[in-house]
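Here's the structure we're looking at; comments come further down.
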Amino acid sequence: METESAGGRRYALIVNPAAGGGRGRKRLPRIERALRERGANYEVVITRDLEHGCAAAQEAAESGAIPVVVSGDGLIGKVGGALSGGATPLGIIPGGRGNDLARVLGIPTDPSAAVAAMLTGALRRIDVGEVNGEPFLCIASCGFDSDANRIANDVRLVKGSLVYAYAALRALVQWKPARFTVSEDGHERSFSGYSVAVANSRAYGGGMFIAPEAELDDGLLDVITTAEVPKLRFLRGLPEIFKGAHVERPEVSSSRAAVVEIAADRPFAVYADGERVAELPVRISLRTAALGVIVPSAQS
């Protein structure tokens, strides 16, 4: 990890006004106040959609500014993918419901603390995943996760990270096991069950540590599969995911690979960083050390 200071630079806040039920926009006054108190040079861009956010980040990078995404994992993942391969780092101020990448990187959820960590932070280079060429930073998954993600993205009445637990329960009611074929670096296997998760990071779904051993900079993807078990057993295991203890269950398999291919016996959308990115079959790979991210330094 490099220890170059992130202070003394110009910043472009890329704000998703819809993230976290408007949490990003609501936090903006506190974020701006913290930036002014520290004498930071910044501008604010309110995004219209994911494409606008990526374009604004690339424009900021070309002008010499550091893009700082104030949103959840969806926009963070898209902007990170857009910046990957370049020299401009990504700043993150959590503003979504799950904020899982920020959680794994140790970035505070409090706006003032997140600003302080960014201005005094260190630069860490991380891998960037690709699903059929579409970039992601955290976790790509399908199967039961496809249904749960779709429900979570449609929910408006349930607030905060509780939406993911609600979505999982809703999805479980109608779930029927699927037959998956997974190839890991050319080694193929098939199983009947619930899901396949391919992880660059450890957590998704508002603190579910689906891949507790995954590292953002090890050049490998962690592959977590869940085989068929009765729904009640599956339900009882869900709370264990928040501690990463589910990987000890016999129906859960964990392995690592550089390239993963997934197919199934019925159609599934693949979601990555909470966004729908592809349909099965897919090929998932990594761009190693492709993105610089500002993270809290040891002193911050």
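List of remarks:
- When +1 charges are put on Lys and Arg Cβ atoms and -1 charges on Asp and Glu Cβ atoms, the dipole computed for the chain relative to its Cα centre reaches about 1240 debye.
- Between region 35-61 and region 224-238, the Cα center-to-center distance that results, in Å: 42
- Remark: the Cα gyration tensor places region 64-134 in the oblate category, a/c being 1.5 or greater and a/b not exceeding b/c.
- Backbone phi angles across region 51-65, fed through the Karplus curve with coefficients 6.51, -1.76 and 1.60 (θ = phi - 60°), yield HN-Hα couplings of 5, 5, x, 5, 5, 5, 5, 5, 5, 4, 4, 5, 8, x, 8 Hz in residue order; Gly and Pro are listed as x.
- Built amide H within the under 5 Å cut-off of Ser195, gap 5+: Phe144, Thr226
- Beta-bridge orientation, the chain: approximately 75 percent antiparallel, per DSSP, counting only bridges with both partners inside.
- Close amide H pairs (under 5 Å, H built 1.01 Å from N) link Asn99 with Asp73, residues at least 5 positions away or on another chain.
- Residue-by-residue Karplus 3J(HN,Hα) for region 25-41, coefficients 6.51, -1.76, 1.60, Hz, glycine and proline x: 5, 5, 7, 4, x, 5, 5, 5, 4, 5, 5, 5, 4, 9, x, 7, 8
- FRET efficiency for the pair Arg150 and Glu32, taken as 1/(1 + (r/R0)^6) with r the Cβ-Cβ distance and R0 = 35 Å, rounds to 0.50.
- Cα-based shape type of region 166-300, given that a ≥ b ≥ c are square roots of the gyration tensor eigenvalues and the cut on a/c is 1.5: oblate
- The simple spin-label model puts a point 7 Å past each Cα toward its Cβ; for Ser190 and Gln174 those points are separated by 2.7 nm.
- In the chain, helices alone account for a calculated mean residue ellipticity at 222 nm of -8500 deg cm²/dmol, with every DSSP H run of four or more residues adding -39,500 (n - 2.57).
- When Rg and the Kirkwood Rh are both derived from Cα coordinates, the Rg/Rh ratio for region 224-300 amounts to 1.05.
- Within straight-line cross-link reach of Lys26, aspartates and glutamates at Cα separation under 19 Å, skipping those fewer than 8 residues along the same chain: Glu37, Glu43, Asp49, Asp73, Asp110
- Protein heavy-atom accessible surface, 1.4 Å probe, per residue over the chain: 42 Å².
- Accessible surface of region 70-161 [probe 1.4 Å, protein heavy atoms]: carbon and sulfur percent: 50
- Highest GNM mean-square fluctuation among Pro212, Pro29, Pro89, for the chain modelled with Cα contacts below 10 Å: Pro29.
- Counting 0.36 nm for each residue step from Thr181 to Gln58 and taking away their Cα separation leaves a gain of 40.6 nm.
- GNM result for the chain, Cα springs below 10 Å: residue of Ser84, Ser141, Ser183 fluctuating most strongly: Ser183
- Of the chymotrypsin sites (Phe, Trp or Tyr not before Pro) found in region 168-245, none is in coil by DSSP with at most 11 other Cβ atoms within 10 Å of its Cβ.
- Around the amide H of Ile66, modelled in the peptide plane, lie the amide H atoms of Arg10, Tyr11, Ala12, all under 5 Å away and 5 or more residues distant in sequence or on another chain.
- Charge-dipole axis of the chain as Lys and Arg at +1 and Asp and Glu at -1 on Cβ define it, positive-most pick from Ser255, Phe180, Cys142: Cys142
- Stretching Thr120 away from Arg10 to a fully extended chain increases their span by 38.2 nm, per 0.36 nm per residue minus the current alpha-carbon distance.
- The chain: most fluctuating residue of Gly186, Gly91, Gly80 per GNM, C-alpha cutoff 10 Å: Gly186
The values are calculated or read from the model by the stated rules, or taken from the named source; none is laboratory data. Note that the structure is predicted; figures quoted are calculated from it, not measured. Backbone-built Cβ (ideal geometry, glycine too); neighbour counts: all protein chains shown. When the accessible area is computed, the model is the full protein with side chains, heavy atoms only, and any ligands, DNA or RNA have been set aside. Shrake-Rupley method; radii C 1.70, N 1.55, O 1.52, S 1.80 Å.
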